[in-house]
Every structure is written in structure tokens, then in C-alpha cells.
Amino acid sequence: MSQLLLKPELVIGGEHRMSSDGSTFEVRNPATKELLANVPKGTSDDVKAAIDFAQSVYSNWSETPAPQRAEILYRVGEIIRKEQNELAEILTLEEGKAFPEALAEIVEGYDTVMYIAADGRRMWSYVSPSEQKDKACMVIRRPLGIVGVITPWNFPFSIPLWKIPPALIAGNTVVFKPASNTPLIAMKIVEIFERAGLPKGVLNFVTGPGSQVGEAMLNDKRLKMISFTGESITGHKIAEANAIFLRKQILELGGKNPIIVANDADLDVAVPAILYASYSNCGQKCTAGSRIIVEEKIHDKFVERFVKGADALAVGNGMNPGVQIGPLITEEARAKIEKYVDIGKKEGAKMLCGGSRYDDNERSKGHFFKPTVFVDAANDMRISQDEIFGPVACVIKARNVDEAIEIANDTRYGLSSAIYTRDLKNAFKSLSKIESGIGYVNQGTTGAEVHLPFGGVKDSGFGREAGEIAIENYTEKKAVFIDYSYERRPWYFGESG
Ligand code: UN1
């Protein structure tokens, strides 16, 4: 397996190298705890060098016609498509998700790259009428400068590709810091851009801890934007740092996403889909459906089928055929889930399945945890309010859809939401009333499509990415006024001067 993996290195100004002080950290397979690689632990000097390079090549890159920049992205897309299986394998080995899900993530990355590449010929803005005769007004786009990209481990391929391609197509240069649990697939992304012909220094790569690499990025005012996906608490810290420089930002943060199941829902459709929304990637999605709010009349029937389904999910090494759910990312992540299982029991919710590790040979090697269902959860319990980020779903009973919507909104998060119903009135009511950046009817809370905007409200973040808004994010608009009358205008000072 490990012959598939690259030698992880920093990539600074096109040079592949170790960190300036030679230190490294380990990356392990979460399904087996096997060592996958020792990865350079970047320093603030490395970050400074990366930003120096990003700055030195900025004018060349930003002046390259966008359709030429797009050529490189199209080649990136082609390589991804051709090597999708190898990429998915690295993703599963490093992150743990089941291979079919990993493959879907790789394809999502491909879709994003191809969608954004087309922007090379489509970064339109607009022309406007003027108040004055013989004068043209229009809005042009300019790149921002150097963009800092900081990404999480749960979608370590697709999320960097939501950010890096639009930053590049718009003419920015990039410093990219991946999550420390998944630097190998991130290294693959950088290597693919190199093979596609991206000039040296346009995309720089620094692995290492947030407290070192992330901090150094935040403290360098030459970065004109930070595009971050990760925990809400880190997002708040980043926003504070960005405030000092009035720096542009996108923050994609946590979620505690509600799925309403109305009395008229078709459980044959709803149950499998909600199982997927709650437990795929072992619940480690900011869009995971973790609060299932069920109308009274259908509640018991739903619970019976949902618990049976959760219990039957195939949990194991994501490389094994038939496995649906892999391990948690780290031992600490598993300890956190165990803590929440205890909290849930103490709070008085009833745990109907899961709640523990596996003790068979294969699964005790990794950080596996049983899909867990709590019922009779009250919405003010911590298990219903905190983002657990694991295979734990809470079922909450509601008297009717109006109360369900109230419960759905009673959270500090607002990323995704869903309702299962055949009633158009309830569907539209929930779409318009639930405070979230993404809303589904008759689908779970996950599964965003790359040409639509993605992002949340409240503590789930700030801004949207993907879709047409991607270009807005990575450009500034400049209003330009061109007077072709060549005449004196009657300004305020009349004829003086
Ligand atoms: C995240 O967990 O940060 O559409 C994003 C979805 C996923 C995105 C999750 N592809 O649900």
C-alpha cells in the first residue's frame, strides 16, 4: 500500500523540501494505526518563505490571461479523472472513509476543477449606463493577491479543491496548509497541479500544526484572504485575527443539522437516506444529520426502523468491499464520542443501539465505534446541541411540523437542514423558516452539488463557496469610469481653473 504514497514534503517556490528545523510528525491509518508517513512539521520560517514566493510570482500569474490559467486546471481535472482509483485509495488509507465514498469525493473534486476551469472564459462582470453623456462605466474584476487556504481532514480532497481552483483561476497565488491528519492526499493535489504545468511558487504547500503554520499565516498581513473550513471555535479565532488586517475570509464551520420527518414521510425512502446522512464518513461531516426531529404519529415506527438500520450498517476497514462506514479519525476523536455517549445517558436520553467500541480482532486495531442512536432526546441536552462529529444521532419528538421547525432553529448552528414530507406547504415552510445555508426536501442533509453555493449561517460560518459565488470570493470588483467626451465637465467649481 505505502508504495502508493508520496514522500510528503513542503513545496515552497516549487522546491520540495523538509521543514526548516527538520522536525516531522506521523500520519497513521485510522483503520489499523499503521504508520503511513513522517511528514515535515513546517515552521513560521517556512510559512514566510512560502509567502515570499507567492508574492514574487504574483504579477506574472495574475497577468496571465485567465483562459491560459484555465488550461492548467483542465489538465488537473484530466489527471484526477485518470487516477481517481489510486487517489481514492490514498484517501481511504489516510482518512478512513469507505472506498466508494472516497471515490465519490475524488469525483467531486474533479467536478469542481472542471466547473471552475470554465470560469477562465466566464469571469464576467458588467457594464453599466452612466449619469453622463459620452462616458462608459463598468465593473472589472481583480485578484486579491495571496490567498491562504486552510482545510480539514474530513474532506481532504474535495474541500481544498473548492478553494484552490477558484483562487488560481482568478489570478491569485496560494499558500495551502492541509489538516495534519491528512497531508498525504493534500500532497497529491499539489503534485497534480505541478504535473499540469502550474508555474513554481503559484501554489505553495506547508504542512504542520495550526498553532505553528496556521498562526504564522494569520499573522502575515501579505495574505489578503483566508479561506478556512474547520471547527467553529477555530473559525472564531481566525475571524479575530482577520479583523486586525480587515482581511477577507470565508469560514465554513460546524453544524448540528436537523432532519424533520413529517407524519406523511415515506419511511422506505427516508430511513436509508437518513442513515446515510447521519453515519456516512462515520458522522464526521459538518453536514451530518445529527438531530432527527420526528412528528409524533410516525415517531415509534421511524425509531424502530432507524435503529434496526443503524445496527445493521457494515462498519470496518474502508478498503474492504461492502464496508459502509470506516473508523473515526483518531483515538482522541473516539474518546470524545465516548464522552458524549456518557453525557447523553446522564442527561436522560435513551440509547437504543451502539455506544461502544468493537472487540473483534480486526476492528480493535483501529478507531472504530458503533453507530449510536439516542431517542427521547430533548433539544436542550448537550447531545442535541454540541457538534459531536461522530456516529451519534439524536431522535427528538415533535408535536407537529411547526414545532419541529422551532426545534430545528433552536441551535447555534445553521449549515444544512432537511425535511421528509409529501406536503408542499410543509416543505416550503421549512425551506423558508429554517435558518440554514442549505436546505433539502426528501433528501438527507449531505450531498451538496459543486455548482451551487455551500455554506452556513450563525455559528456555521461566514460566506459561501462553490457555485458562481466562488469567483466573487476570490476577486475584488473595481468600478471604472471612462470619459470619452474629451470635454470640460461642469464640475462644482464651475469654470474656475
Ligand atoms: C464538511 O463536512 O465540511 O455535501 C463539508 C456534503 C459534503 C460536504 C461536507 N460533501 O455534505
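Quick grid of which residues meet (1) surrounded by fewer than 21 Cβ atoms within 10 Å (Cβ to Cβ); (2) in contact with a strand residue (DSSP E or B) (Cβ under 9 Å, 6 or more places away or on another chain); (3) at pLDDT below 95; (4) within 30 Å of Leu246 (Cβ to Cβ):
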{"site": "Ile396", "(1), (2), (3), (4)": "no, yes, no, no"}
{"site": "Glu406", "(1), (2), (3), (4)": "yes, yes, no, no"}
{"site": "Val441", "(1), (2), (3), (4)": "yes, yes, no, no"}
{"site": "Gly447", "(1), (2), (3), (4)": "yes, yes, yes, no"}
{"site": "Gly463", "(1), (2), (3), (4)": "yes, yes, yes, yes"}
{"site": "Ala470", "(1), (2), (3), (4)": "no, no, yes, yes"}
{"site": "Asn473", "(1), (2), (3), (4)": "no, yes, no, yes"}
{"site": "Val480", "(1), (2), (3), (4)": "yes, yes, no, yes"}
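Results for (1) within 16 Å of the ligand (Cβ to nearest atom); (2) more than 17 Å from Gly214 (Cα to Cα); (3) more than 15 Å from the chain's Cα centre (by Cα), shown as yes or no for each residue.
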site: Lys135; (1), (2), (3): no, yes, yes
site: Ile150; (1), (2), (3): yes, no, no
site: Asn154; (1), (2), (3): yes, yes, no
site: Pro160; (1), (2), (3): yes, no, no
site: Ile169; (1), (2), (3): no, yes, yes
site: Asn172; (1), (2), (3): no, yes, yes
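For the list (1) buried (at least 20 other Cβ atoms within 10 Å of the Cβ); (2) closer than 30 Å to Leu36 by Cβ; (3) touching a Leu at 6+ places or on another chain (Cβ under 8 Å), I need the number of the one condition that Gly316 fails. Status for Gly316: all satisfied but (3).
Rundown of residues vs (1) more than 30 Å from Val206 (Cβ to Cβ); (2) modelled with pLDDT under 95; (3) not assigned by TED's automatic domain parsing to the domain that holds Ala333, yes/no style:
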| site | (1), (2), (3) |
| --- | --- |
| Arg122 | yes, yes, yes |
| Asp134 | yes, no, yes |
| Cys137 | yes, no, yes |
| Ile159 | no, no, yes |
| Ala167 | no, no, yes |
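Every residue, every condition in (1) within 13 Å of the ligand (Cβ to nearest atom); (2) buried (at least 23 other Cβ atoms within 10 Å of the Cβ); (3) under 30 Å from Asn473 (Cβ atoms); (4) not assigned by TED's automatic domain parsing to the domain that holds Ile434, yes or no:
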site: Asp264; (1), (2), (3), (4): no, no, no, no
site: Asp268; (1), (2), (3), (4): no, no, no, no
site: Ile274; (1), (2), (3), (4): no, yes, no, no
site: Gly283; (1), (2), (3), (4): yes, yes, yes, no
site: Ala288; (1), (2), (3), (4): yes, yes, yes, no
site: Ile293; (1), (2), (3), (4): no, yes, no, no
site: Glu296; (1), (2), (3), (4): no, no, no, no
site: Asp300; (1), (2), (3), (4): no, no, no, no
site: Arg305; (1), (2), (3), (4): no, no, no, no
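Name the single residue, out of those in segment 200-232 being surrounded by fewer than 24 Cβ atoms within 10 Å (Cβ to Cβ) and within 15 Å of the ligand (Cβ to nearest atom), that is farthest from the chain's Cα centre (by Cα). Selected residue: Ser232.
Among the residues making up segment 83-123, a single one is part of a loop (DSSP other than H, G, I, E, B) and within 12 Å of the ligand (Cβ to nearest atom): Lys97. Here the strands (runs of 3 or more DSSP E) wholly within segment 1-62 that include at least 2 residues being within 30 Å of Ala98 (Cβ to Cβ) are 24-28, 35-40.
Evaluating Ala418 against the criteria (1) of a type outside the set (Phe, Trp, Tyr); (2) within 16 Å of the ligand (Cβ to nearest atom); (3) assigned to a helix (DSSP H, G or I) leaves one unmet condition, (3).
Report whether or not Phe428 is among the aromatic types (Phe, Trp, Tyr), more than 16 Å from the ligand (Cβ to nearest atom), in contact (Cβ under 8 Å) with a residue 40 or more places away in the chain and not in a loop (DSSP other than H, G, I, E, B). Here the answer is no, as Phe428 does not meet what is asked.
The values are calculated or read from the model by the stated rules, or taken from the named source; none is laboratory data. Since the structure is predicted, the reported quantities are computational estimates derived from the model, not experimental observations. Heads up, the Cβs are rebuilt from the backbone with ideal geometry, glycines too, and the neighbour counts pull from every protein chain shown.
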